[in-house]
1. Between D78 and N321, what is the spin-label point distance in nm, taking each point 7 Å from the Cα along the Cα→C-beta axis?
2. Run the Debye formula on the Cα coordinates of the range 380-443, all scatterers equal and no solvent, and tell me log10 I(q)/I(0) at q = 0.14, 0.22, 0.27, 0.28 1/Å.
3. Among T267, I294, F241, flag the residue with its Cα farthest along the positive direction of the charge dipole of the range 241-369, charges on Cβ as +1 for Lys/Arg and -1 for Asp/Glu.
4. How would the range 411-456 be classified by its alpha-carbon gyration tensor: rounded, prolate or oblate, with rounded meaning a/c under 1.5 and the a/b versus b/c comparison settling the rest?
5. Using a 1.4 Å probe and ignoring any ligands, DNA or RNA, find the accessible area of I380 and quote it in Å² to the nearest 10.
6. Of all the Cα-Cα pairs you can form in the chain, what percent are over 41 Å apart?
7. For the range 172-209 and the range 384-445, what is the centre-to-centre distance using only Cα atoms, to the nearest Å?
8. Roughly what percent of Cα-Cα pairs across the range 1-83 reach past 14 Å?
Amino acid sequence: MERSMNPERVWQATLGELELALQRPVFENWLKGARFVAYEDGVYIIAVKSAFAQEWLNQRLKGMIKRRLERLSGRSVDVTFIVRPELFSANQPAVMPDSPLLNTSPTNAPAGRFQHAPALPESNLQVNRSFDNFIVGEGNRFAYAACQAVAQNPGVSYNPLFLYGGVGLGKTHLLHAIGNVAVQDEYNVRYVTTETFTNEMIEAIRTHTNVAFRQTYRNVDVLLIDDIQFLQGKESTQNEFFHTFNSLTAANKQVVIASDRPLHLLTKLEDRLLSRFSGGLIVDLSPPDLEHRIAILYAKAYEKGVVVPEDVARYIAEHYNDNVRELQGALNRVVAYAQLHHQPLSFSLAQKILEPQQRPLDHSPDAILEAVAQEFNITISELKGPRRTRRISVPRQLAMYLLRDVAQLSFPQIGEFLGGRDHSTVMHGATKIEKGLQQDTEIQEKMERIRVRLRQ
Ligand code: ADP
Ligand code: MG
């Protein structure tokens, strides 16, 4: 955050953060629409709609709000709530529309469509991944309970907590769920992928800011670190991670680690790290059984505002049996097709759409480039080459996404594979497609067709 933000914007940004951090009813009842009136002698004067809200805020949230205002403004401040019911008449906008943190979901998005929530800048948490929308079944019951225990008492029960399980079984979801609970209890939380951690570290070394880098991590109460398998073979990062890990756990800070393979298969991690990891609790996630998959499908459909008939849910669940991400993808395909063609969601429709895709996807990077090149009628050397016209760059971004999602390459590996591109370019490209897949039917369709090619 810039230090020189004016007080009104600081308030808007704080309100935006609070909306993400607090439970919805809490925010709606007491804070929604609370507006900035003045900033005088270091005191933020904020209007709320009732004396009840004023009292409640004073008793329960004042400390938390003050701390956030201080962090965002970079100085020590206080906050006072005054009652101004007249400011809360129906058509007053609750906040300035240009608040960067509030302007997060496109207003033209289709109603009822599930939107990806923004991340809080400091914690990287996705607020829409919570314990509430994680469906529990046999394969994940124990992991779920362990994560809840950790979220409720960080640093106390199981430290570190080491979560492992195959791709798409909910590891990342659970990390965010833990973080979202801990943040509400005002812990300093940070979710970070191993890749981000590595990149930050390299950047810190390059800019001689190692001290600040260590400080950031050592100030964290709950560190959620994803995809630790990517730490393999990176010696200096392992070393830094080891020290960070030790100082956090020594101070009873919570560390939660997710891995797509069990400890004994992380063969290229230093022994001292492996032994630290095994010092806490290790839990695994196994693929959901049929009933569990059906329950997940119902929940996902509900989030999308769609009703799935039982036979359709069962059909999808029977055919996609090892990965929740693919299960969800299959549902999305059927729903997208039905909506696009104005057809009811029926058994025969599901069959028609999903049947040709039963063959497994070809995961190899070369096959992915080939499929993308064919779909767009361009060549593989154009994909790997320097040209940045739209004709080439959009297919290239799709390839970046697929190399990540299907071939499971890391961003630097993808950069190298695509003719020596920077990992941040790759990350940007893949993220762009990920967003496109939520909103842009053209990208959705292209992706579908490429996936069909990958099954041939
Ligand atoms: P992983 O990190 O293990 O590869 P993710 O956490 O990214 O998997 O999960 C993939 C997708 O499936 C996400 O959209 C996640 O929300 C969803 N998901 C996974 N398991 C469940 C579950 N048990 N209930 C609800 N959604 C789930
Ligand atoms: Mg993950």
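1. 6.6
2. -0.34, -0.85, -1.21, -1.28
3. The residue sitting farthest along the positive end of the dipole is F241.
4. oblate
5. So the heavy atoms of I380 present about 60 Å² to solvent.
6. That fraction is 24 percent.
7. First find each Cα centre; the distance between them is then 24 Å.
8. Of the Cα pairs, 59 percent sit more than 14 Å apart.
The values are calculated or read from the model by the stated rules, or taken from the named source; none is laboratory data. Because the structure is a prediction, the values reported are computed rather than measured. As a convention, Cβ positions derive from the backbone with ideal geometry for all residues, glycine included, and neighbour counts pool all protein chains shown. The area values use the complete protein model at the heavy-atom level, side chains included, leaving out ligands, DNA and RNA. Shrake-Rupley method; radii C 1.70, N 1.55, O 1.52, S 1.80 Å.
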